[in-house]
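Peer 1: I am attaching a structure below and will ask some questions about it afterwards.
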Amino acid sequence: MACIEILFRISDKFTATSRHYVDRLFDPDPQNVLQGVIDMKNAVIGNNKQKANLIVLGAVPRLLYLLQQSSSSLELRTECAVVLGSLAMGTENNIKSLVDCHIIPALLQGLLCSDLIFIEACLRCLRTIFISPVTPVQLLYTDPTVIPHIMSLLSRSQHTQEYITQIFAHCCKTPEHQMVLFNHGAIQNIAPLLISPSYKVRMQALKCFSVLAYENAQVSMTLVNVLVDGEQLSQVFARMMQRDKPIEMQLTAAKCLTYMCRAGAIRTDDNCIILKTLPCLVRMCSKERLLEERVEGAETLAFLMEPDIELQRIASVTDHLVSMLADYFKYPSSVSAITDIKRLSKLRHTRDFCNQLDHDLKHAHELRQAAFKLYASLGSNDEDIRKKITETENMMDRIVSGLSESSIKVRLAAVRCLHSLSRSVQQLRTSFHDHAVWKPLMKLLQNAPDEVLVMASSTLCNLLLEFSPSKEPILESGVIELLCSLTQSDSPALRVNGIWALMNMAFQADQKVKVEIVRALGTEQLFRLLSDPDTNVLMKTLGLLRNLLSTRPHIDQIMSSHGKQIMQAVTLILEGEHSIEVKEQTLCILANIADGNTAKELIMTNDDMPQKIKYYMGHSNVKLQLAATFCISNLIWNEEDGSQERQDKLREMGFVDILHKLTQASDPSLCDRAKTAMQQYLA
């Protein structure tokens, strides 16, 4: 009890001291107020408890009032800004309280003052507030006069340059933000700062350019033409990647060039990419680097080479990158392992050791996520690289484990990696089969956010290809219902993947599987998909229908049940405003129907359909002519029952003349197909 009483007394005494500081802010003597603010400044340095108490006791509104009063001396206003900046360096709750008290508009208003020391104090406080993740960055853009005014302050001093560029780097989060800064001269005003004598200024300017250029073609195209002291900006960035420069600078410069390259401003075969940027990013992945640097290096490298096979090949043979990434997985991955290590570390009674361990463990998920991303990028095109990745120690086991990680980001990165590797026929037949990767993938599909579902279902599409050994066990697992449910998603990507997987499943499938697909999907949903506004969904649905309508018994069986609806859908598409690809696929479906024993009568008894075929045989596009000619060829084939009657009817409709004309076509494939059809009349 005595100990508790002592603690209460200490707490009361501490609160009383804090209240005394606040009371002095209301003293009628301005000199006493100034001294009170100075004393408060000294009291809160490094003291989060004192900061929290002062905020609770209402110091912030009074400090803001004094800061905004024109009657306050410049010294008092400056000291108020300094104290507010110190309060902002406390906890996130402190930041929230300051923002709730409308500190940002007050400080932005303070920037209109002509006194440099006061401006620097306001900017320093704004910098501290805006770099916090809890601050709404949009507050910087609310008043359209703020950005141009802040931009005009860049020339005032090195401090204003450092604070302003840091604010911009943290507050540029969207394409809209990029364009606001760009339109107010960010590039012209910040570029000269890259050769500032101050390292801090150079570094913050560099970070500004990395966020401005990210996925922004207009900014990137402008940057590539900028000269700094007579030197191209890309060359300035390249110099900043030299090994003797600080790692932070090397990495950020590499990001700038990466983003400019991805935006199309720099060619992927440019020396500054192949000889400078790529090797620099590979260096960042080595185990000598800090965990944060390894994560950032790997993710940036993955982004750089994602669309370019040559960069992937170069990276795969640079500094043993593929095997180097295996080290990213050598950190505790399970919660129990992390808990055990932390428990043991506490027994050592070494706070520094515990803090370092917490720091390292915080990056465990990030490391695995970055490694999976980089492996996915490396293996997205080249078969030899994929083989090298799967042969890396325990790689497939790591991917399988990654699919069930607690972190959504790691699960997403793991399934991206799996998707990249699933493009390989060899890996589908070997590693994927040996490790039964379809099982954790199916589990992932049961309950996951849309972004994970999109990548997992896309991977499943590859596992359902004809030559994949995983196709049969997946079919037996009851996947059809799940895929049909995806086709009803609001997300076009999920609808595409659901129907794509069904299309792959239906390819050369048994009649039983096809009937089950049609039953589970339902004719209403099938025809709803045939009128989907997304062209990719429509194309895959046509692909599914084409695969369902293959082999004569299957064609006749499906058309006997759903022929009327299918013919209506074909008519609507052929009459509608669709692309050449969509109409070609539809005509191929019609050619399959024409190949059925009984199904072909649905074409022959529909007076309108032969006229449509005739129209497309005379179309200006060769692909459509070929597909339409194939329809006629199947309808008049001699070896089938009723062929003579069909030939006679189609002759009366003028098809023989059209075929004869097409035998003179300049396209050899069309010419041959027309000749093959004509032979049926001559036989």
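Peer 1: Arrange the peptides 567-580, 41-54, 625-638 so that the one whose residues have, on average, the most other Cβ atoms within 10 Å appears first.
Peer 2: 625-638, 41-54, 567-580
Peer 1: Right, another one. Give the lysines reachable from K623 as a straight Cα distance under 23 Å; neighbours fewer than 8 places away on the same chain don't count.
Peer 2: K623 reaches K540, K583, K600, K612, K614, K661, K675.
Peer 1: From Cα pairs below 8 angstrom and at least 6 apart in sequence, can you work out the relative contact order of the chain, rounded to a whole percent?
Peer 2: Dividing the mean separation by the residue count of the chain yields 5 percent.
Peer 1: Of all accessible surface on the stretch 400-473 at a 1.4 Å probe, what whole percent is carbon and sulfur?
Peer 2: Carbon and sulfur: 49 percent of the exposed surface of the stretch 400-473.
Peer 1: Something else: Using a cut-off of 16 Å between alpha-carbon atoms, which aspartates and glutamates can reach K564, once sequence neighbours fewer than 8 places away in the same chain are excluded?
Peer 2: Candidates past the 8-residue exclusion: E524, D556, E601, D607, D608.
Peer 1: Let me ask something additional. What part of the accessible area of the stretch 638-683, given as a whole %, is carbon or sulfur when the probe is 1.4 angstrom?
Peer 2: The C+S portion of the solvent-accessible surface of the stretch 638-683 is 46 percent.
Peer 1: On to the next question. Compute the accessible area per residue over the stretch 451-603, keeping the other protein chains in place, probe 1.4 Å, unit Å².
Peer 2: Computed with neighbouring chains in place, this is 40 Å² per residue.
Peer 1: Something else now. Quick one: with all protein chains in place, what share of the accessible area of the stretch 500-539 is carbon or sulfur, to the nearest percent (1.4 Å probe)?
Peer 2: For the stretch 500-539, the apolar C and S fraction of the accessible surface comes to 52 percent.
Peer 1: Net charge near V656: determine it from the other residues with C-beta under 14 Å of the C-beta of V656, scoring Lys and Arg +1 and Asp and Glu -1.
Peer 2: Charge balance in the 14 Å sphere: +3.
Peer 1: Counting Lys +1, Arg +1, Asp -1, Glu -1, what net charge surrounds S196 among other residues with beta carbon under 10 Å of its beta carbon?
Peer 2: Residues near S196 contribute +1 overall.
Peer 1: So I have (1) 30.7; (2) 44.2; (3) 26.7, and one of them is Kirkwood radius over Cα pairs in Å calculated from this model. Which one is it?
Peer 2: It is the one labelled (1).
Peer 1: Follow-up. So which of K512/K649; K409/K514; K207/K245; K49/K409; K387/K409; K388/K514 end up more than 27 Å apart, counting from Cα to Cα?
Peer 2: Where the Cα-Cα span goes over 27 Å, the pairs concerned are K512/K649; K409/K514; K49/K409; K388/K514.
Peer 1: Can you list the aspartates and glutamates whose alpha carbon is less than 16 Å from that of K200, not counting same-chain residues fewer than 8 positions off?
Peer 2: Straight-distance partners of K200: E120, E162, E248.
Peer 1: Beta carbons within 10 angstrom, averaged per residue: use that to sort the peptides 526-535, 409-418, highest first.
Peer 2: 409-418, 526-535
Peer 1: Can you tally the net charge around I589? Count Lys and Arg as +1, Asp and Glu as -1, for every other residue whose Cβ sits under 11 Å from the Cβ of I589.
Peer 2: Around I589, the surrounding residues sum to 0.
The values are calculated or read from the model by the stated rules, or taken from the named source; none is laboratory data. Please read all numbers here as calculations on a predicted model, not as lab measurements. Every residue, glycine among them, receives a Cβ derived from its backbone with ideal geometry; neighbour counts consider all protein chains shown. These accessible areas exclude ligands, DNA and RNA; they are computed on the full protein's heavy atoms, side chains included. Shrake-Rupley method; radii C 1.70, N 1.55, O 1.52, S 1.80 Å.
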